[in-house]
Amino acid sequence: MINYILNIPVIVRTTFLLILSNMFMTFAWYGHLRNLADRKWYIAAFVSWGIALFEYLLQVPANRIGYTQLNLSQLKILQEVITLSIFVPFAMIYMRQPFKMDYIWAGLCLIGAVYFIFRS
């Protein structure tokens, strides 16, 4: 099993861990707006910190693995692309926000960022 995991390309392992990490992070940052709106802010903060722990348990190894082959700027842009890819469905499906063309424009800007950061 360990050999199988180690044979998966670094970019794939990093991306997978960052996707999982970002799912926890998005829920920690915004889920309380729906689930704990009737609670005191400090209750929401403690619950969010608990969720964020799992985000960090995935994000730290993801960045350590990724940094073996990607530079810091590439890691950051990868994370931003993943963030938007997770946030838009979360906002629309879970938080019931309407679709906005701004999501498309932001995505296009991130495609440009990916091009410039990964072109060398």
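Quick one, which of (i) 13.8; (ii) 14.3; (iii) 15.8 is the actual Kirkwood radius over Cα pairs in Å calculated for this model?
For Kirkwood radius over Cα pairs in Å, the calculated option is (iii).
What whole-number distance in Å separates the alpha-carbon centres of the range 17-48 and the range 54-104?
The distance from the Cα centre of the range 17-48 to that of the range 54-104 comes to 15 Å.
When you count, for each residue, the other Cβ atoms within 10 Å and take the mean per peptide, how do 6-18, 39-51 rank with the highest first?
The most tightly packed comes first, giving 6-18, 39-51.
Against the longest principal axis of the chain, how steep is helix 72-89, in degrees 0 to 90 to the nearest 10, with axes from Cα atoms?
40
Please report, in debye to the nearest 20, how large the charge dipole of the range 10-118 is about its Cα centre when each Lys and Arg carries +1 at its beta carbon and each Asp and Glu carries -1 there. Mind showing how you got there, number by number?
Working: 8 positive and 4 negative charges, 31 e Å.
In debye, rounded to 20, the range 10-118 gives about 140.
Taken together, the values in this text are just the output of simple stated rules run on the coordinates, not laboratory data. Fair warning: this is a prediction, and the values are worked out from it, not measured in the lab. For neighbour counting, all protein chains shown are included, and Cβ atoms are generated from backbone atoms with ideal geometry for every residue, glycine included.
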